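The values are calculated or read from the model by the stated rules, or taken from the named source; none is laboratory data. Worth saying up front: this structure is predicted, and the values here are computed from it rather than measured. Here Cβ is always computed from backbone atoms with ideal geometry, including for glycine, and neighbour counts include all displayed protein chains. All accessible areas refer to the heavy atoms of the entire protein, side chains included, with ligands and DNA or RNA removed. Shrake-Rupley method; radii C 1.70, N 1.55, O 1.52, S 1.80 Å.
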Amino acid sequence: MSITQQHLLDVYRAHSLGEPVPPAPGTHDRRVVREWSGERRFRAVLAGRPVRHRFRDAVSRWRRRPT
(Lines give C-alpha, C1' and ligand atoms only; values in the text may rest on other atoms or scores of the structure.)
Protein backbone atom coordinates (compact mmCIF):
# COMPACT_ATOMS: atom_id res chain seq x y z
CA MET A 1 0.00 0.00 0.00
CA SER A 2 1.39 3.38 -0.97
CA ILE A 3 1.54 6.42 1.30
CA THR A 4 -1.24 8.10 -0.66
CA GLN A 5 -3.53 5.07 -0.36
CA GLN A 6 -2.85 4.86 3.38
CA HIS A 7 -3.62 8.56 3.78
CA LEU A 8 -6.90 8.21 1.87
CA LEU A 9 -7.85 5.25 4.08
CA ASP A 10 -7.03 7.27 7.21
CA VAL A 11 -9.10 10.21 5.91
CA TYR A 12 -12.06 7.93 5.22
CA ARG A 13 -11.77 6.29 8.64
CA ALA A 14 -11.50 9.66 10.43
CA HIS A 15 -14.48 11.03 8.49
CA SER A 16 -16.64 8.01 9.29
CA LEU A 17 -15.73 8.19 13.01
CA GLY A 18 -16.20 11.97 13.19
CA GLU A 19 -12.56 12.60 14.09
CA PRO A 20 -10.28 15.33 12.66
CA VAL A 21 -8.57 14.49 9.39
CA PRO A 22 -4.82 13.67 9.67
CA PRO A 23 -2.37 15.96 7.83
CA ALA A 24 -1.30 14.98 4.34
CA PRO A 25 2.06 13.22 3.95
CA GLY A 26 4.93 15.66 3.60
CA THR A 27 3.06 18.54 5.22
CA HIS A 28 5.60 19.09 8.01
CA ASP A 29 8.81 17.96 6.27
CA ARG A 30 10.49 21.38 6.32
CA ARG A 31 9.81 21.87 10.02
CA VAL A 32 11.15 18.40 10.84
CA VAL A 33 14.39 19.04 8.91
CA ARG A 34 14.79 22.45 10.56
CA GLU A 35 14.29 20.93 14.04
CA TRP A 36 16.74 18.12 13.24
CA SER A 37 19.34 20.64 12.15
CA GLY A 38 18.82 22.67 15.32
CA GLU A 39 19.15 19.54 17.42
CA ARG A 40 22.49 18.69 15.75
CA ARG A 41 23.81 22.19 16.44
CA PHE A 42 22.62 22.01 20.05
CA ARG A 43 24.31 18.65 20.63
CA ALA A 44 27.56 19.98 19.10
CA VAL A 45 27.54 22.88 21.55
CA LEU A 46 26.90 20.55 24.50
CA ALA A 47 29.77 18.30 23.39
CA GLY A 48 32.12 21.30 23.14
CA ARG A 49 32.57 21.04 19.37
CA PRO A 50 32.32 23.98 16.98
CA VAL A 51 29.05 24.32 15.14
CA ARG A 52 29.63 23.57 11.47
CA HIS A 53 27.69 24.75 8.48
CA ARG A 54 28.77 22.05 6.05
CA PHE A 55 26.87 23.22 3.00
CA ARG A 56 27.82 26.86 3.48
CA ASP A 57 31.47 25.92 4.10
CA ALA A 58 31.56 23.75 0.97
CA VAL A 59 30.11 26.53 -1.18
CA SER A 60 32.58 29.08 0.17
CA ARG A 61 35.51 26.71 -0.49
CA TRP A 62 34.24 26.15 -4.01
CA ARG A 63 33.94 29.92 -4.62
CA ARG A 64 37.46 30.63 -3.27
CA ARG A 65 39.07 27.93 -5.40
CA PRO A 66 41.60 29.31 -7.90
CA THR A 67 40.57 29.04 -11.52
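In table form, for the structure just shown:
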quantity: 21 Å tail of the calculated P(r), the chain, as % of Cα pairs; calculated: 57
quantity: Farthest toward positive dipole pole in the chain [+1 Lys/Arg, -1 Asp/Glu at C-beta], among 3, 20, 44; calculated: 44
quantity: Per DSSP, loop trypsin sites (Lys or Arg not before Pro) in the chain with at most 11 further Cβ within 10 Å; calculated: 52
quantity: Per residue, in Å², the accessible surface of the chain once ligands and nucleic acids are set aside, probe 1.4 Å; calculated: 99
quantity: 222 nm mean residue ellipticity, helices alone, for the chain (DSSP H n ≥ 4; -39,500 (n - 2.57); rounded to 500); calculated: -21500 deg cm²/dmol
quantity: C-alpha long axis of helix 3-17 to longest principal axis of the chain, angle in °; calculated: 40
quantity: Whole-percent carbon and sulfur share, accessible surface of the chain, 1.4 Å; calculated: 57
quantity: Folded to 0 to 90 degrees: helix 54-64 orientation relative to the chain principal axis, Cα; calculated: 40
